[in-house]
Amino acid sequence: MTEPDWRTQPDAGRRHVGRWHVGIAGAGAIGTTLAVRIARAGHRVGVLARGATLDVIRQDGLHLTDREGEHHVRVEAGAAGEMGQPDLLFLCAKAQDLLALVRSARSMIGPDTLVVPVVNGIPWWYFEGEGGRHQGRAVRAVDPDGALKDLVPLDRVIGAIAYITAERMAPGVARSFNPLKLILGEIDHRPSERLARTAAMLTACGIHTQASGRVRDPLWTKVIANLSSNPLSVVSGATLQDIYGDPSLSQIARQMLSEALLTAAAYGARIELDPASLLAMGAGMGPVKTSMLQDFEKGLPLELSAICEAVLELAELQGLSMPLTRNIAILARFKSDSALRAAAGL
């Protein structure tokens, strides 16, 4: 007898149809935004936090300014052992910080907990459930030792692409003036009741959430947009307006786009993006600094492993060359590492 697919069962992993218990690991801009919107809708929210951030959240709650106005909520906050095991756990971190966050949040992942990593770039789960010739392969650039794969049960993971532009103003305080959008999908591209329910719950919270049957397609779309702008912004110091609008820089961005589109196509991705439209959209955004340039100027580590180096790794697996992208990534990595060493007095 064939065993039933547990994900298609009506109550699989989803005991609470009305009020959900949602965990937020990573109380930065994105985590705070999600926590406030979900708590405002009446769901139970627990935020993994420590130190000064924990003190602020316990004393003052969370604050969000968005397109609908000012919002203040009270949520649970504390260490993982105090948060229980939620129905849904968001992992909100920079790619290079994800492993440490997962280790601190591991006890929150129960047998019925859905895990949604909200991270830029190529994720560690990329080759899981996709059924290709690289099935089960680790993406070394983002999970070199396979630790993430070992710590997070793959059958609990929901893939996510976030289109949420938010800024952390202070511990427990964030602002976002753009529409909040998420795309979620099962990593094996199969439909499931848990995916549909999660998307519906988040949409009801004011976070427009699309359930995708091919989550790697929008993943590649965002990766390509980030790849063509972020590392180049660090190397040049340029804003989006110049990267995509200046004749010299836009020529580089267009070539990087072409290299990335070819790699995505080799993995069967269907990209709803053409270079001319992206260049025009980026040039029209004005003198906006990329998130990677902002991190560089703040002296923070950059997400080069997930946004650049993982894409180069995937290209190599297909026998493809991305020479310009590789050189820009090398320059950005050198510039970042040099600045971090100088700041540390090394």
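The values are calculated or read from the model by the stated rules, or taken from the named source; none is laboratory data. Since the structure is predicted, the reported quantities are computational estimates derived from the model, not experimental observations. With ideal geometry, Cβ positions are generated from the backbone for all residues, glycine too; neighbour counts draw on all protein chains shown. Keep in mind that these areas ignore ligands, DNA and RNA; they rest on the heavy atoms of the full protein, side chains included. Shrake-Rupley method; radii C 1.70, N 1.55, O 1.52, S 1.80 Å.
Filter the stretch 185-220 for residues that are among the polar types (S, T, N, Q) and open to solvent by 30 Å² or more (accessible area, probe 1.4 Å); which is farthest from LEU64 (Cα to Cα)?
GLN210
Of all residue pairs spaced 6 or more apart or on separate chains, those with beta-carbon atoms under 8 Å, a first member in the stretch 17-35 that is at negative phi and a second member that is acidic (Asp, Glu) and assigned to a strand (DSSP E or B) are ALA29/GLU167; THR33/ASP66.
For (1) open to solvent by 20 Å² or more (accessible area, probe 1.4 Å); (2) over 30 Å from GLY23 (Cβ atoms); (3) among the β-branched types (Val, Ile, Thr), each residue gets a yes or a no:
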site	(1), (2), (3)
ILE183	no, no, yes
LYS222	yes, no, no
SER233	no, yes, no
ASP242	yes, yes, no
GLN255	yes, yes, no
ALA264	no, yes, no
LEU278	no, yes, no
GLY284	yes, yes, no
THR290	no, no, yes
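Checked against (1) touching a residue at least 24 places away in the same chain (Cβ under 8 Å); (2) within 21 Å of the chain's Cα centre (by Cα); (3) surrounded by 15 or more Cβ atoms within 10 Å (Cβ to Cβ), ILE57 passes all but condition (2).
If you check GLY319 against the conditions, is it modelled with pLDDT under 90, surrounded by fewer than 16 Cβ atoms within 10 Å (Cβ to Cβ) and not in a helix (DSSP H, G or I)?
Answer is no for this residue.
Here ALA269, ALA344 are screened, and the one residue that is surrounded by fewer than 12 Cβ atoms within 10 Å (Cβ to Cβ) and at pLDDT below 95 is ALA344.
Of all the listed residues (VAL288, VAL235), the sole one being touching a Lys or Arg at 6+ places or on another chain (Cβ under 7 Å) and either within 28 Å of ARG133 (Cα to Cα) or not acidic (Asp, Glu) (or both) is VAL235.
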